[in-house]
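The values are calculated or read from the model by the stated rules, or taken from the named source; none is laboratory data. These figures come from a predicted structure and were not determined experimentally. So basically every Cβ, Gly included, is an ideal-geometry build from the backbone, and we count neighbours across all protein chains shown.
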Amino acid sequence: MTLEALTSYDELVAASAGDPFVRWMVDRRRPVRAWGLGPGVAWVRRTPHWRDNLTVVATPDVAAARLPELLALAGDVRRITVPFGTLPRLDDALAARIVPGIGDDWEWMLTATAPPAPDVLVEPVGAGRLPDVTDLLARSSPRHSATVADPGVVAWLGVRDGARLVACAAVEEDPPGVPGLASIATDPAYRGRGLGAAVTAAATRWAFERGHEVVTLGMYSDNTVARRLYRRLGFGGDHRWSSRGLAAPPPPPS
């Protein structure tokens, strides 16, 4: 089946049958480079770190079969996000382009309901205390996604024990207008006290208090503790992804 070029946010959402990830993670203000797969969709997504990423919403079989053609249309894209289970189905030529150590398996969730307020004090982290966030993330969350230098972060919230920052969470908007939680971390010496749940709940409530319809988050698939925490706070969804880096294609034979 021929790929259908999609030229607007509305066309992309319609072709995806209203898929929540497409609806909330595509920047409706920017031109789209997208294709309908019949069934499924693909588009070139700008990630929070300003990388072009070919993202495919389809079954693993359809994603694997369509990727070579999609990459040819997408141009110089060196990252892919595909449904979990797609990578073992890639043909040998494309599988050989996967760059080891770049990307991971992860899950995307969202909630439309604010969780109960936490029973510990969670406060905004002011600009003058952002080095405390950097220190906390360095010692407690080596795979954190958001940093204090990221322009998409609109707020950091945290818990302190005296002067020491012991838990934090970022609220970032990427795309603009859609709050997502990132870099949720607890000092290793303070784990087991419910501080991760506290900063997650507080950050979610912070976003809803500002009039947003949903709050999203992404988590590494191997973090079973975090998955239980987020589901307990009302986050849900069934989007499981594999994101990977790609090497440049080999030159054509001379």
Residue in the range 83-103 that is in contact with a Cys (Cβ under 9 Å, 6 or more places away or on another chain) and without any contact (Cβ under 8 Å) to a residue 40 or more places away in the chain present: no
Test for residue 124: is it within 23 Å of residue 208 (Cβ to Cβ) and touching a Ser or Thr at 6+ places or on another chain (Cβ under 8 Å): no
Residue tally, condition assigned to a helix (DSSP H, G or I), within 17 Å of residue 178 (Cα to Cα) and at pLDDT 95 or above, over the range 10-59: 7
Unmet requirement for residue 116, which otherwise passes all of (1) under 24 Å from residue 181 (Cβ atoms); (2) touching an Asp or Glu at 6+ places or on another chain (Cβ under 9 Å): (2)
Given (1) within 17 Å of residue 106 (Cβ to Cβ); (2) modelled with pLDDT under 95; (3) outside any strand (DSSP E or B), index of the condition residue 251 fails: (1)
Out of 167, 163, 155, 146, sole residue that is without any contact (Cβ under 8 Å) to a residue 12 or more places away in the chain and hydrophobic (A, V, I, L, M, F, W, C): 163
Cβ-Cβ under 6 Å pairs, at least 6 apart or on other chains, the range 205-225 side touching a residue at least 40 places away in the same chain (Cβ under 8 Å), far side of a type in the set (Ser, Thr, Tyr): 215/111; 215/204
Within the range 226-254, tally of residues that are free of Cβ contacts under 8 Å to residues at least 24 places away in the same chain and among the aromatic types (Phe, Trp, Tyr): 0
Pairs where the first residue, in the range 178-191, is in a loop (DSSP other than H, G, I, E, B) and the second is hydroxyl-bearing (Ser, Thr, Tyr), C-beta under 8 Å, 6+ apart: 178/216; 187/140
Unmet requirement for residue 214, which otherwise passes all of (1) among the β-branched types (Val, Ile, Thr); (2) closer than 20 Å to residue 144 by Cβ; (3) surrounded by fewer than 21 Cβ atoms within 10 Å (Cβ to Cβ): (2)
Per-region count, the range 84-108, residues on the phi < 0 side of the Ramachandran plot and in contact with a Ser or Thr (Cβ under 7 Å, 6 or more places away or on another chain): 8
Subset tally (residues that are at pLDDT below 95 and within 24 Å of residue 176 (Cβ to Cβ)) for the range 191-240: 1
Those residues of the range 119-150 which are more than 20 Å from residue 174 (Cβ to Cβ) and among the charged types (D, E, K, R), in sequence order: 119, 123, 129, 132, 135, 139
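Can you pull out the residues in the range 13-42 that are in contact with a Lys or Arg (Cβ under 9 Å, 6 or more places away or on another chain) and not acidic (Asp, Glu)? Spell out how you get there, then give the answer.
Just the residues of the range 13-42 that are in contact with a Lys or Arg (Cβ under 9 Å, 6 or more places away or on another chain), to begin with: 13, 16, 25-27, 30, 35, 37, 40, 42.
Once the filter is applied, which keeps residues that are in contact with a Lys or Arg (Cβ under 9 Å, 6 or more places away or on another chain) and not acidic (Asp, Glu), the range 13-42 yields 13, 16, 25, 26, 30, 35, 37, 40, 42.
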Only listed residue being of a type in the set (A, V, I, L, M) and within 18 Å of the chain's Cα centre (by Cα), chosen from 198, 185, 202, 167: 185
